[in-house]
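Trainee: Got a structure for you, questions after.
Please treat every number below as a calculation from the coordinates, not as lab data. Please read these numbers as outputs of a predicted model, since none were measured by experiment. Positions of Cβ are generated from backbone atoms using ideal geometry, with glycine treated the same way; all protein chains shown enter the neighbour counts.
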2 protein chains.
Amino acid sequence: MGLVTCDIGISVDGFVAGPNQRLEEPLGDGAERLHRWMFEQPEANAEVIEKITAAGAFIMGRNMFGPVRGTWGDSDWTGWWGEEPPYHAPVFVLTHHPRESVTMKGGTTFHFVTDGIEAAMRRAREAAGDQDIAVAGGAQTVNQYLAAGLIDELRLHIAPVVLGAGERLFADVGDLPLEPVAVSHTDLVAHVTYRLNR
Amino acid sequence: MGLVTCDIGISVDGFVAGPNQRLEEPLGDGAERLHRWMFEQPEANAEVIEKITAAGAFIMGRNMFGPVRGTWGDSDWTGWWGEEPPYHAPVFVLTHHPRESVTMKGGTTFHFVTDGIEAAMRRAREAAGDQDIAVAGGAQTVNQYLAAGLIDELRLHIAPVVLGAGERLFADVGDLPLEPVAVSHTDLVAHVTYRLNR
């Protein structure tokens, strides 16, 4: 059986999104700087980037899928990623608003799960088979899965940026059995992989 | 001329000291777990540990030197480290309380600096000559030096521990020109070294 993984970009002061999240700036002020390494150094970080989308199924929170609660529940909103999202696999979106599944180009299908994080995990496990499941974000979703003990491998991509405010990873997760198992870096990021051993 | 360095232990959620700091638990609840790698794995981390005390002069805040404001200003308090502190060099303690210098065994002398962080840096530079100067802590002192742009190399020792509350590194420092230049790890710590380029 595959692992449940989570890749997440984070500032040196622990924020995964900046303050003032809004439609035009969904990750909040300054947060695009968390991901410079990915866009400016795709070759130097190729191995890391490849692993981020290598899962057999994905789970994400509704804030990662769409901008404002309710606005896409009955609309034709199909995510931030255009016609061919980078997942190429089933994506389970946590939401309170039931909706028919949406099939995109390139193998991505968005399924909307209204009965909680464990139900989403079960459906993702069924869809992924022996492959990994990736918890794709955002922070609240990752924190819920961390607190529930459902993540096996957490891969922090620490940007050399001080955000000063915003949304925190590890908020209210309790203590975690983290063990660093791999590190690497470029001048725009330090990658630290943790196993969660139970 | 040597660098101004800073080594500091930090939790994955960004705290360098736990909540409820007090005389019996000067680093606050749970914070001794930040330093397990140092005490339990001195061999595996030998190179890192050696660099921490390799400076020609040290600067520390008054909370790192002694427990409660005022209690050691006129007392015979000589720090937490016994008769032979691990510094073996001049240590400049930031304080509002003037006091005669104190010479300890093994080459450590505590000097008490009442005219601010830049004065302490000047005196440390004089004492260190061509050697490095280490800003030894605590968090408030490190944050003051970071905000003032006076640190050249920041070495974070990230413990796989979620503290959840306590004293934050990077609080109110503004943005910093950080560049990761080296990483390593054991199962109890991830070391990330940053250069601050101006």
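Trainee: Suppose only helical runs count, i.e. DSSP H with n ≥ 4. What mean residue ellipticity at 222 nm does that imply for the protein assembly as shown under -39500 (n - 2.57) per run, divided by all residues and rounded to the nearest 500 deg cm²/dmol?
Mentor: Rounded to the nearest 500, the figure is -5000 deg cm²/dmol.
Trainee: Let me know the mean shielding of B:177-185 by other chains, meaning the per-residue number of their Cβ atoms within 10 Å of its Cβ.
Mentor: Going residue by residue through B:177-185 and averaging, the value is 6.
Trainee: Something else about it: Cα centroid distance between the range A:60-136 and the range B:103-146, in Å?
Mentor: The range A:60-136 and the range B:103-146 have Cα centres separated by 54 Å.
Trainee: To the nearest 0.05, what FRET efficiency results for B:Ala44 and B:Arg125 with a Förster distance of 25 Å applied to their C-beta separation?
Mentor: Efficiency at R0 = 25 Å is approximately 0.15.
Trainee: Charges at C-beta only: +1 for Lys and Arg, -1 for Asp and Glu. How large is the resulting dipole of the range A:110-174 about its Cα centre, in Debye rounded to 20?
Mentor: For this selection, approximately 140 debye.
Trainee: Here's a follow-up. Can you compute log10 of I(q)/I(0) for the protein assembly as shown with the Debye formula, treating each Cα as one identical point scatterer, at q = 0.10 Å⁻¹?
Mentor: Values returned for q = 0.10 Å⁻¹ are -0.70.
Trainee: Across peptide A:151-159, how many C-beta atoms of other chains are within 10 Å of each residue C-beta, on average?
Mentor: Mean shielding count: 2.
Trainee: For all pairs of alpha-carbon atoms in chain B, what percent lies in each bin of width 10 Å, listed from the first bin to the last filled one?
Mentor: Pairs per bin, as whole percents: 9, 35, 41, 15, 0.
Trainee: Please work out the FRET efficiency for the pair B:Arg22 and B:Ala148, using the Cβ-Cβ distance as r and a Förster radius of 25 Å; give the result to the nearest 0.05.
Mentor: Once rounded, the FRET efficiency stands at 0.30.
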